[in-house]
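The next block holds one structure in the form of structure tokens; read it before the comments.
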Amino acid sequence: MSSIRFSDFERIVFFTGAGMSAESGIPTYRGRGGIWAEYKYEDYACQRAFDRDPEKVWDFHDKRRAVVRACEPNPGHDIVAEVQKKKPGTIIVTQNIDGMHQRAGATDVAELHGSLWRVRCDAEEIVREDTSVPMNPRKCSCGRYWRPDIVWFEDQLDHRVVRRAREALEQCDLLVSIGTSAVVYPAADLPRIAVQHGAETVEINLEDTPLSPLYKHRLRGKASEVLAELNR
Ligand code: NAD
């Protein structure tokens, strides 16, 4: 049993990846049933693919929307949201695009890779929420296609979101990394900031990752079960 308890900390950063939503039934990135085993990102998840064939890219994203819509936040998402309510200094920095933290009631969520539930029109510089499944209409009133507001392969991260995440990591007293394989950069590098600033660090995962040595506490198990233990 870990000596860490959320009740001993005030400014917690939950740094989450696809493993956070695995118990909701959303496929992870690399695991069995992972999305990219079936679809090549070059055809479905990069600006070049969108420029070439926006309808095909939207068909793919509609499928992802439908999968996520059919899933529910899991008890791990509930615990993270509950801790955030109790500790207002708590921030969630997520690599996920599924919106599950917010559906569980979380409010302060820095979405490093954007959201499946936002679209943007680059021509008019408009970003808006859109939860329709399938997404409709696919075109903005200006005539251009809405683009999923997701950081696709080969895209840059939004520097405002990164700054928010960095500040949170500089100031936190506890970093809890959950369900990330820690190989997607630059997101994978962010936890180092918390270590450099002296925070207590916990990694929750089913298995070791390349960044495991960074963490003082390496807890192996399902996210929801380990989180329940830390929330006792
Ligand atoms: P990843 O798929 O590369 O790694 C998932 C990690 O979660 C693995 O290390 C695995 O061991 C661990 N894991 C699996 N089930 C778990 C569980 N129940 N409890 C604890 N750990 C568990 O995911 P990543 O590191 O987030 O990188 C994938 C990229 O793809 C991210 O950029 C993310 O944006 C994107 N993605 C998002 C979603 C989503 O929004 N739900 C899903 C797939 C991929």
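Please treat every number below as a calculation from the coordinates, not as lab data. Because the structure is a prediction, the values reported are computed rather than measured. Cβ: placed from backbone, ideal geometry, glycine included. Neighbour counts: every protein chain shown.
Looking at the stretch 105-121 only, could you name the residues that are of a type in the set (A, V, I, L, M, F, W, C) and more than 13 Å from the ligand (Cβ to nearest atom)? Don't jump to the end; show me each part of the working.
First, pick out the residues of the stretch 105-121 that are of a type in the set (A, V, I, L, M, F, W, C): 106, 109-110, 112, 116-117, 119, 121.
Selection gives Ala106, Val119, Cys121.
Within the stretch 4-20, does at least one residue satisfy the condition of being part of a helix (DSSP H, G or I) and surrounded by fewer than 16 Cβ atoms within 10 Å (Cβ to Cβ)?
From the stretch 4-20, those part of a helix (DSSP H, G or I) are 6-8, 18-20; that's our starting set.
This time we only want the ones that are surrounded by fewer than 16 Cβ atoms within 10 Å (Cβ to Cβ), so: 7-8.
Yes: one or more hits.
Can you report the number of residues in the stretch 186-212 which are surrounded by fewer than 16 Cβ atoms within 10 Å (Cβ to Cβ), within 15 Å of the ligand (Cβ to nearest atom), free of Cβ contacts under 8 Å to residues at least 40 places away in the same chain and over 14 Å from Val93 (Cα atoms)?
Total meeting the criteria: 4.
Please identify the pairs in which a residue from the stretch 219-231 that is over 13 Å from Met20 (Cα atoms) has its Cβ atom under 6 Å from the Cβ atom of a residue that is among the polar types (S, T, N, Q), counting only partners at least 6 apart or on another chain.
Within 6 Å, the pairs are Leu219/Ser2.
Could you please give the count of residues in the stretch 33-56 that are within 12 Å of the ligand (Cβ to nearest atom), surrounded by fewer than 21 Cβ atoms within 10 Å (Cβ to Cβ) and under 19 Å from the mean Cα position of the chain (by Cα)?
The total comes to 5.
Out of (1) part of a helix (DSSP H, G or I); (2) buried (at least 19 other Cβ atoms within 10 Å of the Cβ); (3) of a type outside the set (Gly, Ala, Ser), the odd one out for Asp59 is which?
(2)
How many residues does the stretch 172-185 contain that are closer than 25 Å to Glu10 by Cβ and near the ligand (Cβ under 10 Å from one of its atoms)?
The qualifying residues number 4.
Taking the residues in the stretch 46-79 that are among the aliphatic types (A, V, I, L, M) and in contact with a Pro (Cβ under 9 Å, 6 or more places away or on another chain) as candidates, determine which candidate is nearest to Pro134 (Cα to Cα).
Across the stretch 46-79, the extreme among qualifying residues is Ala66.
Of the numbered conditions (1) within 16 Å of the ligand (Cβ to nearest atom); (2) more than 30 Å from Pro54 (Cβ to Cβ); (3) in contact with a strand residue (DSSP E or B) (Cβ under 6 Å, 6 or more places away or on another chain); (4) of a type outside the set (S, T, N, Q), Ile91 satisfies every one except a single condition; which is it?
(1)
Looking only at the stretch 73-86, count how many residues are in a loop (DSSP other than H, G, I, E, B) and in contact (Cβ under 8 Å) with a residue 60 or more places away in the chain.
Adding up the residues that qualify gives 1.
What pairs come out if I take residues in the stretch 87-109 that are closer than 12 Å to Thr16 by Cβ and in a loop (DSSP other than H, G, I, E, B) and pair them with residues that are more than 10 Å from the ligand (Cβ to nearest atom) and among the aliphatic types (A, V, I, L, M) whose C-beta lies under 6 Å away, six or more apart or interchain?
Ala104/Ala81; Ala106/Ala81; Ala106/Ile92
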